[in-house]
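Written below as structure tokens is the structure these notes are about.
The values are calculated or read from the model by the stated rules, or taken from the named source; none is laboratory data. No experiment lies behind these values; they were computed from the predicted model shown. Reconstructed Cβ throughout: ideal geometry from the backbone, glycine too, with neighbour counts over all protein chains shown.
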């Protein structure tokens, strides 16, 4: 390594002060340095290699090949591995077909690349027990991120820019030691220590919004404020403090508002959500969406469209972008990755036989009236077989279907019956019916048609049992 001049020692001290300020790397940690091969990450790697003996750090290098630039991407990976080897460090390389993933996930190339990169870093950190992952984000990146989020119309969390430290996975954090350093200082450092690095031609492409902010908007803003970089970073720091304050309030509020979360969906309680101030409502939605779906802050417009559902009728929808949809479902707002539409199911079967569909299997059996034993299981039903034709149909219900619900007088639309039974919009599309043409005999797992119930004069009975593909709590349990 080239020895440090007095200027470079001052630079290193500046980096260490920033690390101490944000409680990064207290010493003796296992550290994974994310290295793309560009000037920023190579400067970070060189700095950490110099600090490692002093701070007793165990360093390793991680590189993710996005596969976006063909042979150049492969050469980047080989370069990083060689640079790690030259410093006596382990290296881990991951690869992904980002264009294919972006198409499958309906996300931008940039967002898909970010998610894939952090997933790779998480896997390596967990598997090899690293405590900290370092990335080379700098003050310019922070300013660009703030401007991008401002242009997108995000809330407080978006204007807080890039956090110096954040959790990655359990017991692993991401730290950004260069976040207080502007790119010109990094370039000066690289020149003085004679660093080698790889140039990514796509960084100059004006197709990407971030590059246009970097090469056009920031230089333009400098004409109005020569210290715009420092101003934007100071603003991000102020907003980060506000963001932390809001986080505490929002965390308390979310306990009553968030009913359930999965990797695909968030359920929000409208009755609790609507009692908070609009700013808190927006932050609740923003934070839970970013956390569950692992995406950057959504736009202010998307938040407004989502919160407008509080005052709209059941079935109303709002698009958040990135494949996310918000849906009003009675007293809930469901935010989810929109699933592909389910194709209608329709299978004919002979009375007494079994029939299988994507949603479940229906077993039927003919028996004598004396053999019938009614149960509380709503997925088992008994029908007067004397009134049935030789073949029936198992299908998904359709708009316009009507039947005579058992125990009720008169006819009712199946759609209205499902609403009254409080079947969620998600589950409604999976409800099957047994039908004779347009005549509904059984809304499976829920209610028999009054006209087909077993009566004292019934001689033959058809026992029907539906075994659903995704078993859940029966929608209508009753004893007869």
Which of the residues belonging to segment 352-364 are exposed (fewer than 15 other Cβ atoms within 10 Å of the Cβ) and in a strand (DSSP E or B)? 354, 356, 361
Output the residues belonging to segment 416-438 that are free of Cβ contacts under 8 Å to residues at least 40 places away in the same chain and surrounded by fewer than 15 Cβ atoms within 10 Å (Cβ to Cβ). 416, 420, 438
State which residue pairs qualify: first residue farther than 15 Å from residue 277 by Cβ and inside segment 251-263, second residue in a strand (DSSP E or B) in any location, beta carbons under 6 Å apart, and separation of 6 or more residues or different chains. 259/267; 259/269; 260/267
Given the condition closer than 30 Å to residue 9 by Cβ, in the same structural domain as residue 80 (by TED's automatic domain parsing), in contact (Cβ under 8 Å) with a residue 40 or more places away in the chain and touching a helix residue (DSSP H, G or I) at 6+ places or on another chain (Cβ under 6 Å), answer yes or no: does some residue in segment 198-208 qualify? yes
What residue, of 28, 83, 21, 13, is touching a helix residue (DSSP H, G or I) at 6+ places or on another chain (Cβ under 9 Å), farther than 15 Å from residue 198 by Cα and either buried (at least 17 other Cβ atoms within 10 Å of the Cβ) or in the same structural domain as residue 129 (by TED's automatic domain parsing) (or both)? 28
Take the conditions surrounded by fewer than 17 Cβ atoms within 10 Å (Cβ to Cβ), in contact with a strand residue (DSSP E or B) (Cβ under 9 Å, 6 or more places away or on another chain) and not in a loop (DSSP other than H, G, I, E, B) and apply them to residue 256. Does it pass? yes
Residue match in segment 444-457 (condition: assigned to a helix (DSSP H, G or I) and surrounded by 15 or more Cβ atoms within 10 Å (Cβ to Cβ)): yes
Within 29 Å of residue 421 (Cβ to Cβ) and surrounded by fewer than 20 Cβ atoms within 10 Å (Cβ to Cβ), is that true of residue 265? yes
Within segment 198-225, can you find the residues that are modelled with pLDDT of 95 or more and not in a helix (DSSP H, G or I)? 225
Only residues that are over 17 Å from residue 295 (Cβ atoms) and not in a loop (DSSP other than H, G, I, E, B): list them for segment 130-150, please. 132, 133, 134, 139, 140, 141, 142, 143, 144, 146, 147, 150
Determine if segment 269-290 includes at least one residue that is in contact with a helix residue (DSSP H, G or I) (Cβ under 8 Å, 6 or more places away or on another chain), assigned by TED's automatic domain parsing to the domain that holds residue 303 and assigned to a strand (DSSP E or B). yes
Looking only at segment 143-181, filter to residues that are farther than 24 Å from residue 128 by Cβ and surrounded by fewer than 17 Cβ atoms within 10 Å (Cβ to Cβ); which one of those is nearest to the chain's Cα centre (by Cα)? 153
Answer yes or no: is there a residue in segment 300-314 that is in contact with a helix residue (DSSP H, G or I) (Cβ under 9 Å, 6 or more places away or on another chain), part of a loop (DSSP other than H, G, I, E, B), in contact (Cβ under 8 Å) with a residue 60 or more places away in the chain and closer than 16 Å to residue 157 by Cβ. no
Take segment 371-401 and flag every residue that is assigned to a strand (DSSP E or B) and either in contact with a helix residue (DSSP H, G or I) (Cβ under 7 Å, 6 or more places away or on another chain) or under 13 Å from residue 446 (Cβ atoms) (or both). 380, 381, 383, 384
